[in-house]
Structures are given as C-alpha cells and as structure tokens.
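The values are calculated or read from the model by the stated rules, or taken from the named source; none is laboratory data. Predicted model only: the values in this text are computed from it and were never measured. Every residue, glycine as well, gets a Cβ built from its backbone with ideal geometry; the counts of neighbours run over all protein chains shown.
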Amino acid sequence: MTYPDINPVAFDLGFVQVYWYGLMYLLAFLSAYLLANYRSKNLDHWNKQQIEDLIFYGAIGAVVGGRLGYMLFYNLSTFLNDPLSIFSIQGGGMSFHGGFLGVLFAMYLFNRKYGKTFFTTMDFVAPLVPLGLGFGRIGNFINGELWGGVTNSSLGVYIKSEGVSRYPSQLYEAFLEGFVLFAILWMVSNKPRPSMTISSLFLIFYGLFRFIIEFVRMPDAHIGYLAFGWLTMGQVLTLPMIMLGIYLLNKAYEKK
C-alpha cells in the first residue's frame, strides 16, 4: 500500500480551514454522546442533562489535558521556549496520557456537581472512550505522523516522500485501542459487574495494546528510546495503567 499523502485540511471555507484531525475529534465526542444516550436508557440514575454535561466536561478535559500532557511529556523544551505553542493543535500533538488525566479531573468536577461516586461515573464512561481513540489515531494517519519503523514487510505502507515503507502503527492503534477495546468493554458492560470492573479492564487492555504497539511505533525523534534500545516514553507512561488496572480488578472482585 502506498500512503495517499492526504491533505490535512478537509475543506477550506475561505474564512476558516477545517482539518481532518479536528473532524476526528468531533466524531469522537459525537460517538461518545450517542453511546452514552444508548447506555443510559437502561439506567435510572442517568438523565439527558447529566449526559450532556458528562460529554462537555469530558471533551474539555480530553482536549486541555491531551495538549498539556503532550507539551509536558513529549515537548517540554518547545513549551518552555514558546508557551503559546500549546494552542497550535491543527497538525496534531496530543497525548493520550495527558488527556486521560484531564478526563479524570473533569469527572471529579462532574461528580461533585451531581453527587455521583467516582467509579459509578468511570464505569459508565469507559466503554464510551475507545471509538474516540480509534478516530484520533485515524487522524494521526491522515496527518502522516506517529509512524512505525521501517519495514520490508507487506504490512508496511510506502511513503513516497521518504522512499521507504513503514509500519502504519497509527492504524494498528486505531484497531486495537479503538475498535477491539470498544468491543471488549461494550460486551462486558452489557451485564451487571462489580464496581471498578469496567474501569480496570479499560486500564489493563489499553495499557497492553499500547505497550505492544510501541515496539513497532517510532518514538518522538527529539526523545528517542529511554533505555535498552526499545523502551519508549509511551511504555513508561502505560505501565502504571496496567498495574493499577490489575490492582483495581482484584479489589473489585474481593469486594464482591
């Protein structure tokens, strides 16, 4: 397959340019809203106003946390030299781990407003997230960023501008962290589970999928590998998620 070299601008209205990356975020929040409304039909303690606020809080947390996390975890020197660069998101530059922390803080504020417990909300939210992650990775592919390593395998994508084939790690992540993770969480959440179960499974499976794909995904050039010639920042940030997920899953079934 040859990379189609897609224009990152989806369409130009003259007074504003609409980027594919932004459209992927719009699809992410729209899918979360539709799924939340569907899930809430069988739950008495969720109403339309709460769903709308949930998506609003989550969207703000994801965008602000994602951008701030990217600048702090992956591009600190640029941020220190030019703090206003934090607003330049048209071409990408978002961190899942930063967005994850941003959503956690947003859900804390949401719970304070509606008097819900933390894991009541997070178990409800977890299945809404993966499709959005998948759309975001498709946005990375369109932008031609976050490529995997060079390969001669038929699984590679030929990039004309570089004259080499690379693993499309963005598409691997879209498939595993997006659609496979969604299928797992959606099926598990269709039946009553102990509190923390869905949240813990999100942490475990996202962490495992991300950790594995990092072996073929190239690290940010200005960071490189952190150790052993293979350990990446993404793996370092993901390991605590896996460990926390295993701990929470064990606690969930201990309580049961």
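Numbers below:
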{"item": "Pairs where the first residue, in segment 129-148, is of a type in the set (V, I, T) and the second is not in a helix (DSSP H, G or I), C-beta under 7 Å, 6+ apart", "result": "I142/I6; I142/P8"}
{"item": "Pair list, Cβ under 7 Å, 6 or more apart: segment 79-104 residue surrounded by fewer than 16 Cβ atoms within 10 Å (Cβ to Cβ), other residue modelled with pLDDT under 75", "result": "S85/T78; S85/F79"}
{"item": "Failed criterion for Q170 (all others in (1) farther than 30 Å from D5 by Cβ; (2) modelled with pLDDT of 95 or more; (3) buried (at least 19 other Cβ atoms within 10 Å of the Cβ) hold)", "result": "(1)"}
{"item": "Where a residue in segment 16-37 is in contact (Cβ under 8 Å) with a residue 12 or more places away in the chain and its partner, wherever it lies, is of a type in the set (D, E, K, R) and assigned to a helix (DSSP H, G or I), with Cβ under 8 Å and at least six apart", "result": "Y33/E52; N37/K48"}
{"item": "Subset of segment 184-224 [assigned to a loop (DSSP other than H, G, I, E, B) and over 19 Å from M122 (Cβ atoms)]", "result": "E214, F215, V216, M218, P219, D220, A221, H222, I223, G224"}
{"item": "Any chance L131 is at pLDDT below 95, within 29 Å of V9 (Cβ to Cβ) and either out of contact with any Asp or Glu (no Cβ under 8 Å at 6 or more places or on another chain) or not in a helix (DSSP H, G or I) (or both)", "result": "no"}
{"item": "Lone qualifier among E173, E162, E145 - being farther than 21 Å from F118 by Cα, of a type in the set (D, E) and either touching a strand residue (DSSP E or B) at 6+ places or on another chain (Cβ under 6 Å) or not in a loop (DSSP other than H, G, I, E, B) (or both)", "result": "E173"}
{"item": "Answer from A252, A227, A221 - the residue that is under 30 Å from Y38 (Cβ atoms) and modelled with pLDDT under 95", "result": "A252"}
{"item": "Residue tally, condition over 16 Å from the mean Cα position of the chain (by Cα), in contact (Cβ under 8 Å) with a residue 12 or more places away in the chain and over 17 Å from F73 (Cα atoms), over segment 211-246", "result": "6"}
{"item": "Any hit, segment 4-19, residues being surrounded by 14 or more Cβ atoms within 10 Å (Cβ to Cβ) and assigned to a helix (DSSP H, G or I)", "result": "no"}
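Every residue, every condition in (1) of a type in the set (D, E); (2) over 28 Å from H222 (Cβ atoms); (3) more than 17 Å from the chain's Cα centre (by Cα), yes or no:
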position	(1), (2), (3)
D12	yes, yes, yes
L27	no, yes, no
S40	no, yes, yes
I51	no, yes, yes
G66	no, no, no
F73	no, no, no
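Yes or no, residue by residue, for (1) modelled with pLDDT under 90; (2) in contact with a His (Cβ under 9 Å, 6 or more places away or on another chain); (3) of a type in the set (K, R); (4) in a helix (DSSP H, G or I):
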| residue | (1), (2), (3), (4) |
| --- | --- |
| D44 | yes, no, no, no |
| I55 | no, no, no, yes |
| A59 | no, no, no, yes |
| G69 | yes, yes, no, yes |
| F79 | yes, no, no, yes |
| I89 | yes, no, no, no |
